[in-house]
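Engineer: Could you have a look at this structure, given as structure tokens, before my questions?
Each reported figure results from applying straightforward, stated rules to the coordinates on display, with no laboratory input. As the structure is a computational prediction, the values presented were derived from the model and not from experiment. Here the Cβ positions follow ideal geometry from the backbone for every residue, glycine too, while neighbour counts run over all protein chains shown.
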Amino acid sequence: MSTRIDSVPAATGRDWPTGVTLAALVVAFGVVAGPLGLLAGLVTALVGYVLGPPYALAAGHVALVAVVPEGSALSVVVLVEAAFVLVLLVPLRRGASPGRTALVAVTSALVLAGAAWLVLDTQSIGLAATAVLVLLGIGAYGLHRFELVRLGLVPGSDDGDASTPLETEPTAGSSAETTTEPATDP
């Protein structure tokens, strides 16, 4: 049985849509943090061009923490995060089902951001981070189980029980021969 899993190529995208989104990321950094942000955006774009979007996301968030002025409004950071979402969505077009994958990615990001915002509204930032980590863990486990099912690695059973019986009864068409050897005492 062959199973096809939709995937996104791991290769770095050195095409014009990726370049446009990386340029948008540089502009967003520049708008948010001025000349220092522009420099951080250029470094982030360079990392994204050489290593790929996941690395741009990681490096860019480190740079974002370093260059965003203290006391900035949340709406300012949302501009850079929207550019990050674009950088992550562009490679999806090379996959087998880009629309569905993009929908899941955007929905997941909105759910995580919404959960963090709701918890942060009434609780501490540590509890909001914990809530996001728990949601990420649940999502990762769900994806892991989905992968096992798609690859056919989950043992099947007729009665719904995943465990296999230790002994089986012989059926009418099978021969049930048992051999008994005499026990030897040393």
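Engineer: Averaging sequence separations of C-alpha pairs under 8 Å and six or more residues apart, then dividing by the length of region 49-142, give the relative contact order as a whole percent.
Structural biologist: Value for region 49-142: 17 percent.
Engineer: Using a 10 Å cut-off on Cβ atoms, rank the peptides 58-70, 85-97 from the highest mean neighbour count down.
Structural biologist: 85-97, 58-70
Engineer: Moving to a separate point now. Contour minus end-to-end for residue 111 and residue 15, with contour as 0.36 nm per residue of separation and end-to-end as the Cα-Cα distance?
Structural biologist: Here the answer is 31.5 nm.
Engineer: Next up: Report the calculated FRET efficiency for residue 123 and residue 70 (r = Cβ-Cβ distance, R0 = 25 Å), to the nearest 0.05.
Structural biologist: 0.65
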